[in-house]
Amino acid sequence: MEKVIIKKLKGITGQVVVPADKSISHRSVILGAISRGRTEIHNFLESEDCLWTVDVFKRLGVEIETAKLSLIVKGRGLRGLKKAAGALYFGNSGTGLRLTAGVLSGSPFVSILTGDDSLSKRPMKRITMPLRQMGAVIAGKEDADYLPLEVKGRGLRAIDYQSPIASAQVKSSILLAGLYAEGTTTITEPFKSRDHTERMLSRFGADLKVEGLSISLRPGPELAADKVEIPSDISSASFFMVAAAILKNAELCLKGVGVNPTRIGIIEILKAMQADIQVTNISSDSFEPQADIIVKSKGLKPFKIDGNLIPRLIDEIPVLMVAATQADGESIIKDAAELRVKETDRINSMVRGLRKLGASVNVTGNDVIIKGPTVLKGNVVSSFGDHRTAMSMIIAGLAAEGETTVLDTACIKTSFPGFMEVIFKLKR
Ligand code: S3P
């Protein structure tokens, strides 16, 4: 089992380009595969999760060429995918699996969808129920709530779906199935979740209308392949934003980070904490805006996260919990039930890890209160097999007295290969 042993850092400085956005990388392969023409993808995230999506679409008959950080996807059009021999394996990736399930619901053959132990424990009814309403025939454990799923694709009918959760994976799965449906598919979410699918679908020529929290898609002509330039992942950048905010002697510049408005909750919260953070060189040339983010050490105030902010920083809550241990007062996280069904239960994994380092953490249901500032003390903690818990606990370890060991860290490769190398490059 891989582990990381770290000591308190005196400080952190420099400029860094973190790896490409994971959400956009998955979508570029999936949409490229079902478009007509060649999709050229620059700055593709070569992490395990995204490489499983590449593997799945190759097995569905799509030619994909890989060069360093670039991919060429030779699209087969909406109806050009072929039945794969054997099961399709998605590794640890909920995004890869849930979005592809939408595409396969409209593809007229049987597919078996599987994943690793963590993905096999994650709920799938959130997509299989609406996809069944659209006409897909889906079987799986506990009435298609758990993997493996057997998806029998066929002609679909449009639905008007009120999603009970703000989930970009659910929204995207339904929209992708909507490409194959008769009629206009509409999905309405309770709060706005990341809109990368909508942006990329529009860019590829889909007939899509966004009105407040509702998105409607009319199946039209084939999607047209296009060039995709992927910015750095704000979720990967967030570990360094928090490191720079909590370490005593720190100044970091994160270059070319994706600042899509549906993803920048972390910046809003760090500003609310009165962190020294600047967003500069904002460029909206591409269909996904990007910017440089500069963060320096400064005393932090506590924060409150709840309601419609949650989907805009859902993956950053673990590292914000680390920031909360260093803020002067009580930070409150409410309405974070979705954290319980990520790669692990991230409320449990973070609360257990932070308590082991001496943090003052209270949990009631899905609400968490963290009282700071605490002088953290090194200890042995686990990632619970979850990449974001692993990286968050490593950042906590950089601020903790003595030595911290984070166990089970191979999972970091699912989203951020080279994470430790970046830390060693930046340490003072
Ligand atoms: C993602 C959406 C989010 C996020 C996940 C990636 C995506 O999940 O947590 O890491 O790429 O669509 P939900 O949409 O299920 O909240």
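The values are calculated or read from the model by the stated rules, or taken from the named source; none is laboratory data. Keep in mind the model is a prediction, meaning the values are calculated, not measured. Cβ coordinates were reconstructed from backbone atoms using ideal geometry, including for glycine residues, and neighbour counts include every protein chain displayed. All accessible areas refer to the heavy atoms of the entire protein, side chains included, with ligands and DNA or RNA removed. Shrake-Rupley method; radii C 1.70, N 1.55, O 1.52, S 1.80 Å.
Computed over the Cα atoms of segment 181-299, pair by distinct pair, the Kirkwood hydrodynamic radius stands at 16.2 angstrom. For the chain, the share of alpha carbon pairs falling in successive 10 Å distance bins from zero is 5, 23, 32, 25, 12, 3, 0 percent. Asp335 exposes around 90 Å² of accessible area when a 1.4 Å probe is run over every protein chain in place.
Averaging 1/r across all pairs of distinct Cα atoms in segment 139-227 and inverting the result yields a Kirkwood radius of 13.9 Å.
Residue-wise HN-Hα couplings along segment 34-44, as the Karplus relation 6.51 cos²θ - 1.76 cosθ + 1.60 with θ = phi - 60° gives them from phi, are 9, 9, 9, x, 9, 9, 9, 10, 9, 6, 6 Hz; Gly and Pro carry x. Taking the centroid of alpha carbons for each part, segment 154-211 and segment 286-344 are 26 Å apart.
Judged by the mean number of other Cβ atoms found within 10 Å, the most tightly packed of the peptides 392-402, 369-379, 128-138, 169-179 leads the ranking 169-179, 392-402, 128-138, 369-379. Using a probe radius of 1.4 angstrom, the carbon and sulfur fraction of the accessible surface of segment 22-229 is 50%.
In this structure the chain gives 37 Å² per residue of accessible area when probed at 1.4 Å with all protein chains present.
The heavy atoms of Arg355 offer some 120 square angstrom of accessible surface to a 1.4 angstrom probe. Both numbers refer to the Cα atoms of segment 22-229; Rg and Dmax are 15.3, 42 Å. Based on C-alpha pairs under 8 angstrom that are at least 6 apart in sequence, segment 22-229 has a relative contact order of 21 percent.
Each peptide in 154-163, 100-109, 13-22 was scored by the mean count of other Cβ atoms within 10 Å over its residues; highest first, the order is 100-109, 13-22, 154-163. Pairs from the table (Lys10/Lys301; Lys8/Lys121; Lys271/Lys371; Lys304/Lys356; Lys3/Lys342; Lys10/Lys271) lying more than 26 angstrom apart at Cα are Lys8/Lys121. Solvent-accessible area assigned to carbon and sulfur over segment 235-392 amounts to 47 percent, based on a 1.4 Å probe.
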